[in-house]
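In what follows, a single structure is set out as structure tokens and then discussed.
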Amino acid sequence: MTHWFHRNPLKATAPVSFNYYGVATTPAATKVCNDLRLSRTRLLELFTDTSCNPEMMKNAADLYFSLLQGFILSLDDSSQECKLRYIQNFKWTDTLQGQVPSAQQDAVFELVSMGFNVALWYTKYASRLTGKEDITEDEAKDVHRSLKIAAGIFKHLKESHIPKLITPVEKGRDLEARLIDSYIVQCQAEAQEVTIARAIELKHNPGLIAALAYETANFYQKSDQTLSSLDPTYAGKWRKYLNLKSCFYMAYAYCYHGQTLLASDKCGEAIRSLQESEKFFAKAEALCKEYGETKGPGTTAKPSGHLFFRKLGNLIKNTLEKCQRENGFIYFQKVPAEAPQLELKANYGLVEPVPFEFPALNAHWTPETVAAFDLTKRPKDDAAKPKPDEEVKPLKEPDIKPQKDSGCQIS
């Protein structure tokens, strides 16, 4: 089971020292600030560490988020917001808009931006695993679960935390609903690719495989349509990927639907279904070339040379030839002019996001710790803000060298 997934770059961020000299008035308050700085630095390091696994990522993310919650949550469970929420300015870039950063003096902005990157990490971890030549069953399960976790994080950010931002999200930025929705649906579609590969490997009913492929193609189409109103300069390459995957799985759906029709002695209709499969495969092949030629954020690859692509091409060709032979020897059925309508509904294997919640407040946050922050001692020039010319350096993401059958490079 070797796949290929497009990946946008990780978000980059300006360093945050959490040094509040004079404001943090007790050792306990100073310790919380030191822990915040260290846990943030560690989490950012793990994003580009190829040895990082989901357990390491979860532990590091939970530690930082549990500490960051002290800037957001009220300790007395009242509706009153924490007095520390606006103490620090945070600066983040976007996955599509290069190194043009957004800045907000709001801990919720940091929470959702870092949470977004954690979700992206899970998608990139899944992508690295699928780039292997021989992926084990346990690794396939890791891919499947990682994509569902990512979808769950994106969904939770959109529904529960992004609406709490004081500054409205700019159009075309990562935290806007269109982009979040597209990421969620893409994660679901890619997880279903793993399900389809498993179903094929175990030689499940062609009808089930066709239905899953059809649902997956529709997921990719939905993800693409969500991005249709975005500037193609930023979203063009991503949309090419979503388009080609939609066509690719429509080709899969018609191919396996043709097998179902043949098994029901509907050889003429089976041939027409396989011909439609050929059309979608040819369209996907053309989009692969366009994808490789389109400039923009994301993976550099030649998907048409990838094993998953070549396998389907051979399957369509061999299945169509088989149907034509059978029709010439046994059935002698007329091939319909119109392709069969796919009204397929998968009853099994559809992917839902794994529910996500941020961790509880770290035990180091007590009423005494919060009270020890004296905001009246903040410098008038607000040294907590990053300097205007402070550069946000892009994260140096590892290039995953393709195995001999992969034909692509995955970021």
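At a glance:
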| item | result |
| --- | --- |
| Every residue from the range 212-236 that is small (Gly, Ala, Ser) and free of Cβ contacts under 8 Å to residues at least 24 places away in the same chain | 228 |
| Residues that are among the small types (Gly, Ala, Ser) and either within 18 Å of residue 144 (Cβ to Cβ) or surrounded by fewer than 22 Cβ atoms within 10 Å (Cβ to Cβ) (or both), drawn from the range 224-237 | 228, 229, 236 |
| Number of positions in the range 238-263 that are closer than 14 Å to residue 285 by Cβ, of a type in the set (S, T, N, Q) and open to solvent by 20 Å² or more (accessible area, probe 1.4 Å) | 1 |
| In the range 119-128, residue modelled with the lowest pLDDT [restricted to those that are more than 18 Å from residue 355 (Cα to Cα) and either touching a Pro at 6+ places or on another chain (Cβ under 8 Å) or open to solvent by 20 Å² or more (accessible area, probe 1.4 Å) (or both)] | 128 |
| Residue 155 vs. criteria within 23 Å of the chain's Cα centre (by Cα), part of a helix (DSSP H, G or I) and among the charged types (D, E, K, R) | yes |
| Search result, residues across the range 39-91 that are open to solvent by less than 50 Å² (accessible area, probe 1.4 Å) and among the acidic types (Asp, Glu) | 49, 62 |
| Test: residue in the range 59-75 that is part of a loop (DSSP other than H, G, I, E, B) and under 21 Å from residue 150 (Cβ atoms) | no |
| Total residues in the range 1-38, condition open to solvent by 50 Å² or more (accessible area, probe 1.4 Å) and basic (Lys, Arg) | 2 |
| Residue 143, sole failed condition from (1) more than 22 Å from residue 94 (Cα to Cα); (2) open to solvent by 10 Å² or more (accessible area, probe 1.4 Å); (3) under 12 Å from the mean Cα position of the chain (by Cα); (4) aliphatic (A, V, I, L, M) | (2) |
| Residue in the range 93-112 that is open to solvent by 30 Å² or more (accessible area, probe 1.4 Å), touching a residue at least 24 places away in the same chain (Cβ under 8 Å) and within 21 Å of residue 29 (Cα to Cα) present | yes |
| One residue from 157, 202 being in contact with a Gly (Cβ under 8 Å, 6 or more places away or on another chain) and either without any contact (Cβ under 8 Å) to a residue 60 or more places away in the chain or open to solvent by 30 Å² or more (accessible area, probe 1.4 Å) (or both) | 157 |
| Pick from the range 18-58, criterion over 18 Å from the mean Cα position of the chain (by Cα) and of a type in the set (Phe, Trp, Tyr), ranking: farthest from residue 71 (Cα to Cα) | 21 |
| Total residues in the range 18-69, condition closer than 16 Å to residue 366 by Cα, of a type in the set (Ser, Thr, Tyr) and touching a residue at least 40 places away in the same chain (Cβ under 8 Å) | 3 |
| Number of positions in the range 230-244 that are closer than 16 Å to residue 178 by Cβ and of a type in the set (Phe, Trp, Tyr) | 2 |
| Flag for residue 278 being modelled with pLDDT under 90 and open to solvent by 20 Å² or more (accessible area, probe 1.4 Å) | no |
| Residues within the range 289-310 that are open to solvent by 50 Å² or more (accessible area, probe 1.4 Å), at pLDDT below 80 and out of contact with any helix residue (DSSP H, G or I) (no Cβ under 7 Å at 6 or more places or on another chain), tallied | 2 |
| Residue check, residue 171 surrounded by fewer than 22 Cβ atoms within 10 Å (Cβ to Cβ) and in a loop (DSSP other than H, G, I, E, B) | yes |
| The one condition in (1) closer than 30 Å to residue 193 by Cβ; (2) surrounded by 12 or more Cβ atoms within 10 Å (Cβ to Cβ); (3) at pLDDT 95 or above that residue 362 fails to fulfil | (1) |
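The values are calculated or read from the model by the stated rules, or taken from the named source; none is laboratory data. Just so it is clear, the model here is predicted, and its values are computed rather than measured. Neighbour counts are summed over all protein chains in view; Cβ atoms, including those assigned to glycine, are modelled from backbone coordinates with ideal geometry. Side chains included, ligands, DNA and RNA excluded: accessible areas come from the protein's heavy atoms. Shrake-Rupley method; radii C 1.70, N 1.55, O 1.52, S 1.80 Å.
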